Each structure stands twice: as C-alpha cells, then as structure tokens.
1. Work through the residues other than LEU15 whose Cβ is under 11 Å from its Cβ and net out their charges, Lys, Arg +1 and Asp, Glu -1.
2. On each of the three principal axes of the Cα atoms of the range 102-156, give max minus min coordinate, whole Å, ordered largest first.
3. Calculate the dipole size of the range 127-177 relative to its Cα centre from +1 charges on Lys and Arg beta carbons and -1 charges on Asp and Glu beta carbons; express the result in debye to the nearest 20.
Amino acid sequence: MRRERERHGLSLRELARRVGVSPSMLSQVETGRTQPSVSTIYSIATELGVSIDALVSGEEDAADGAELAAGPVREDLAVMPEGIPASHLVRPEDRRKLELESGVTWELLSDLLPHLVDFMLVTYEPGGRSSSSGKLTRHSGTEFAYMLRGSLKIQVGFETYVLRTGDSMAFDSSEPHLLMNEGTEPAVGIWFVLGRRQGAETRVPRVSRDESATVLRYPGSR
C-alpha cells in the first residue's frame, strides 16, 4: 500500500484525509500493526486505483493490472485483454486472505480480471460488520452476494434485508450500505463486486428498476 501511495505522489496525511481516517491509523495499516475495516480497505483501494488483489498480494503485477480500469467502459472489455490467461484455477490452500477489522475475512477466489471484478469468499464472524463505526458507507460498483451459511443483515439506504443460507442479493454500492452479522454463527457467502474502480458515469448499465437492491430467496430458507 505504501508503494502505491508513493507512486501516486500522495503523502500519508493526504491519503488519510481522502479515505477519512487518521494519519496514525493509516500508518498502522501500512506497517501491518492494525487491520482496516471493510469500508476503509475499499476506500484505500479506490483512491489508489488498485484491485483488492494488489493490496492482498502486494505484487506489482496485480497493481499494474488495475490501470486497465482507468478509462471508460468499452465494448472490447468483453474480450480477454492480451497477456491474460483464458482460465485460472485457485486451490483452497492457495487463496490470498485478508483479515479485516471487526471479524471480517476476505479470501480471493480468483484474480483473473482484478481490474473488472473482485471475486471473494467473505466471512463475517458473529458481531462482525463492514464499518467499525457502524456508519453506512458507499463506493462505486455493484455487489452480488450468495449466502452459503449463516445469516447476514444488510442495510441499503432506508431498506434492511436479512440474507440466510441459499439467499442471493444484488445492490448498487453507491447507495449507503452496512453489512453486519447479528447471529451466533459465522455468516459465509460468495461475493462479486463489479465496477468498483469505475466512476458513476462509466459503470456497467443496470436494468432500470425502482429499488436499489434485489433479493432472491431460497425456498425454505426461513
């Protein structure tokens, strides 16, 4: 993270100001003395223009791949960019893992296209939440979730949803949102975050609808 910050010519104080945390807290994140919250890590990655994979792995290649997202969305992005393999297998023991603040863990399931999508196995331990302050946060992109086990409470704007095993959900990440596990067992799900590093004007078009979130219930999940 320090390498990317310096590459962008940002001081520790300036990046902290943009992200909304104290310089001392950001310094502790850079040196590995503390773990950020979900909302903070998203803000850091967005400000630096890098993928979650780049922050997790610390590899320069992963950071360089994020530069593909700098321009507007193009039709040719549907075609695999030159130099990127057509397939990618990740064994469980090879997953990159990021343990965040407040009992939240991200495991990267693939970094095939880190400039377009974050594909993760997400775990919220009991009491875990996306924001350490409990405040709603927002960022560019659209999130798609599928619950494998447990239950997770998700607030999007003024609406609140509880996802249980087998439920799936999609919501506009630019809407203020907060995720929290109020249960007694870990909440585990598959997460896709699409278009996080694209501005609002270049996001992938969504089907027009009145709601900012869509939930599909698995029969018997009650």
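Throughout, read-outs are computed from the coordinates displayed, never taken from laboratory work. Everything quoted here is computed from the prediction, not taken from an experiment. Quick reminder, even Gly has a Cβ in these numbers, built from the backbone with ideal geometry, and neighbours come from all protein chains shown.
1. Values: positive: ARG2, ARG5, ARG13, ARG17, ARG18; negative: GLU4, GLU6, GLU14, GLU30, GLU47.
Residues close to LEU15 contribute a combined charge of 0.
2. Extents along the principal axes: 32, 25, 17 Å.
3. Details: 6 positive and 5 negative charges, 55 e Å.
Charge dipole of the range 127-177: 260 debye, to the nearest 20.
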